[in-house]
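Reading through the structure tokens given below for one structure.
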Amino acid sequence: MTFFGGFDEWDLSLETGVTLHGRSGGEGPAVVLLHGHPRAHTTWYQVAPRLADAGYTVICPDVRGYGRSSKPTPDAAHKLYCAEAKAGDTVALAEALGHDRFAVIGHDRGMGVAYTCALDHPERVTALGVLDAVPRLEADERVNTRFATEWWHWFFYTGSPHAERVITADPDAWYELDADKRAAMGPENFDYVAAAIRRPDTIRAMLEDYRAGLSADLDHDRAARTEGRTIPCPTLVGWSIRDDLEQLYGDPAALWRDWVAGPITTARIDSGHHMAEENPSQVVAALVGFLEHSL
């Protein structure tokens, strides 16, 4: 498979004040794919062309702060990197590419942007996919010793004044950027992500993503719960069976039922955490099956 064969590559300046880098291709209903940490839009290189072949316009941006997209100087309240701001970027990007309505699929940190899109812009989002994660507030309310031990990086990224200095001192070691990972990720994907990670402003922006996640984003979700806002569109909840989501939460879909008023579909993907790279065929099958019955 040619790397993003048939896709256009672009840098688009948006009305939200940032420029997003990414790729798009195909024809049909729009589907936006949002990556997680520490990846970039290239993580979808084996998924996006197959979705395009299945009859969709596929839009893959580097989320604000990641890859080659804008990395604004952080603000004290972490608002510039909150999911609400990134959801605004997503809506503006889709509009700039000619789509008033779109499905949005988010993995890992991109999941928070995706479901914030569906909560804040229900008139825009036709279908939602949340992969390998649960609602932020649900995760926050279930933090215990096991979670804090196994997911210590959340709290190091968010609370340590040394995080930026430690990671930028040797990003290759921190993110294990070695030959084995290059082979696992695919060379083009690896090289693109590694080049971004080796930039100090990317490290700063990714840390701000986590800091927003445990401050402004939780405030957003508490407000949504208080106001009784839910996600009206069909929603796919997918997770990797060789990651730890089931061990932490049992049935992850159960934690979404208070947040989603629309129908919920589930998918268990036989992979580790980076499912789009490890089992793209099953990811594509799950997405196509879901979208065919939702759009």
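The values are calculated or read from the model by the stated rules, or taken from the named source; none is laboratory data. Just so it is clear, the model here is predicted, and its values are computed rather than measured. Cβ placement follows ideal geometry from the backbone for every residue including glycine, while neighbour counts extend to all protein chains displayed. Only protein heavy atoms, including side chains, enter the accessible area calculation; ligands, DNA and RNA are left aside. Shrake-Rupley method; radii C 1.70, N 1.55, O 1.52, S 1.80 Å.
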Counting only residues that are open to solvent by 40 Å² or more (accessible area, probe 1.4 Å) and part of a loop (DSSP other than H, G, I, E, B), which one in segment 206-242 is nearest to residue 171 (Cα to Cα)?
214
Residues satisfying the stated conditions in segment 261-288, i.e. within 26 Å of residue 41 (Cα to Cα) and not in a helix (DSSP H, G or I):
264, 265, 266, 267, 268, 269, 270, 271, 272, 273, 274, 279
Picking from 211, 229, 198, which residue would you name as being in contact with a Ser or Thr (Cβ under 7 Å, 6 or more places away or on another chain) and either at pLDDT 95 or above or under 23 Å from residue 66 (Cβ atoms) (or both)?
211
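Conditions tested, residue by residue: (1) crowded, with 24+ Cβ neighbours inside 10 Å; (2) in contact with a strand residue (DSSP E or B) (Cβ under 7 Å, 6 or more places away or on another chain).
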| position | (1), (2) |
| --- | --- |
| 6 | no, yes |
| 27 | no, yes |
| 37 | no, no |
| 42 | yes, no |
| 46 | no, no |
| 57 | no, yes |
What number of residues within segment 108-156 are open to solvent by less than 10 Å² (accessible area, probe 1.4 Å), closer than 19 Å to residue 208 by Cβ and not aliphatic (A, V, I, L, M)?
3
Looking only at residues in segment 258-279 that are under 23 Å from residue 124 (Cβ atoms) and of a type outside the set (A, V, I, L, M, F, W, C), which one is least open to solvent (accessible area, probe 1.4 Å)?
262
In segment 164-177, is there at least one residue being outside any loop (DSSP other than H, G, I, E, B) and buried (at least 21 other Cβ atoms within 10 Å of the Cβ)?
yes
